[in-house]
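The structure under discussion appears below in the form of structure tokens.
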Amino acid sequence: MGPRASIPLVVLPRNYVVIVTGGDTGIGYETAKFIAMMGPTVIIACRSKEKAERAIEQMNEEFQQEKENSTQNIISDDRLSLEFGKLDLASLKSTMDFVEEFKASERKLHVLICNAGVMMADEIVTEDNYELTYQVNYLSQFLIMANLLPIMKTSGNDVRIVLVSSAAHKHCHYDANYAAGQRMKNHDPLQCYSNTKLYQIMQMYSIDRMLEKTHVELYSVHPGYVAKDLYRRNRHFGSKFNCYRCCLKCLCMVKTPRKGSATTLYAAVSPGLKGLSRAYFTHSRDAPAFPSRTARDRELQDYLLQCTIENLKEYLPEDFIRESLRTVKKTNTKSSTSQ
């Protein structure tokens, strides 16, 4: 856990609880492992119990290696505190089952890392009738956050939500229909992915406005390009993506999952970031960067929020819906006043 990956060195108590979606592979795996080595309980939220259990065993083996190498600032326990949480983000029912199971544990939640992400070459429609990338990367993780916010609000004075976005959001053609949950007229894997990463940043701004008087803070990060994560499900993305990938390789911009996790970890646990909610980070230990102008557009943020509330209204707490609509109304009132 030395300077190779710029991992923040923080010691956290065992009853400190962290959820990492997609924590069984790639960036999520490294994120869950390194946070667990700081001491807290980390819940790996993913579809396969078998894969999660293999990941947990491997993390513990790597933890033993770190101890044998006399790595500083890691716990001395025999094993890491890692748990599996069953979560299929392609299903709203599964997502709500995960939420209810966590609520039933009556534990606090200190950090929620919305890390899971996919990019699919072919258009796949979920059981809820949404395009898969939209539901997995954005909609279902929004649902987790919205339902667990009441717990997070009472979990301490430094509670964080980290949304793993991407610099790809700067290159998307904003699709309002896709933001509303409709399928693209012509499926484009890179545009689906880029739009969902844009929506995550927009979500950060919208939800942060609802949490200004709480101790819950939101950050969005660009972890860098980690090839294994981005196209592990299907390699047939066509010439546009292959060209993009080759350019990144030529520029030596392809990261290992370990290095890719550094920015997420920085946002999740660095004490110095307290009070910097609504920040977008592209590198660990760097000052916040500016996301695209589209991501910062208040009207587009409110439009996305309204669409999301409409799509998820039967699954969302009434208090959350009321506060969301109140936030949108404030925007509309300010716009009318200024005209």
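Determine if region 2-9 includes at least one residue that is among the hydrophobic types (A, V, I, L, M, F, W, C), open to solvent by 20 Å² or more (accessible area, probe 1.4 Å) and at pLDDT below 95. Yes, that holds for at least one residue.
Residues that are in contact with a Cys (Cβ under 9 Å, 6 or more places away or on another chain), over 22 Å from residue 27 (Cβ atoms) and in contact (Cβ under 8 Å) with a residue 12 or more places away in the chain are absent from region 209-217 altogether. Selection of region 135-165 for residues being open to solvent by less than 10 Å² (accessible area, probe 1.4 Å) and either at pLDDT below 95 or over 16 Å from residue 204 (Cα atoms) (or both) yields 135, 155. The condition of being within 24 Å of residue 112 (Cβ to Cβ), in contact (Cβ under 8 Å) with a residue 12 or more places away in the chain and in a loop (DSSP other than H, G, I, E, B) does not hold for residue 140. I want to confirm something. Restricting to region 313-325 and keeping residues that are open to solvent by 20 Å² or more (accessible area, probe 1.4 Å) and touching a residue at least 60 places away in the same chain (Cβ under 8 Å), which single residue is nearest to residue 298 (Cα to Cα)? This residue is 323.
Restricting attention to region 327-337, does a residue exist that is of a type in the set (Ser, Thr, Tyr), open to solvent by 20 Å² or more (accessible area, probe 1.4 Å) and at pLDDT 95 or above? Within region 327-337 (the criterion being of a type in the set (Ser, Thr, Tyr), open to solvent by 20 Å² or more (accessible area, probe 1.4 Å) and at pLDDT 95 or above), the answer is no, since none of the residues qualifies. Name the single residue that is nearest to residue 222 (Cα to Cα) among those in region 112-146 being of a type in the set (Phe, Trp, Tyr) and touching a Ser or Thr at 6+ places or on another chain (Cβ under 7 Å). For region 112-146, the residue satisfying everything is 138. Evaluated against (1) of a type in the set (S, T, N, Q); (2) over 28 Å from residue 275 (Cβ atoms); (3) touching a residue at least 40 places away in the same chain (Cβ under 8 Å), residue 129 falls short on exactly one condition, (3). Go through region 56-108 and give me each residue that's in contact with a Leu (Cβ under 6 Å, 6 or more places away or on another chain), polar (S, T, N, Q) and open to solvent by less than 60 Å² (accessible area, probe 1.4 Å). Result: 60, 95. Scan region 272-312 for residues that are more than 30 Å from residue 259 (Cα to Cα) and open to solvent by 40 Å² or more (accessible area, probe 1.4 Å) and the total you get is 7. Taken together, the criteria place residue 122 among residues that are more than 18 Å from residue 48 (Cα to Cα), acidic (Asp, Glu) and touching a residue at least 40 places away in the same chain (Cβ under 8 Å).
The values are calculated or read from the model by the stated rules, or taken from the named source; none is laboratory data. Everything quoted here is computed from the prediction, not taken from an experiment. Every residue, glycine as well, gets a Cβ built from its backbone with ideal geometry; the counts of neighbours run over all protein chains shown. Only protein heavy atoms, including side chains, enter the accessible area calculation; ligands, DNA and RNA are left aside. Shrake-Rupley method; radii C 1.70, N 1.55, O 1.52, S 1.80 Å.
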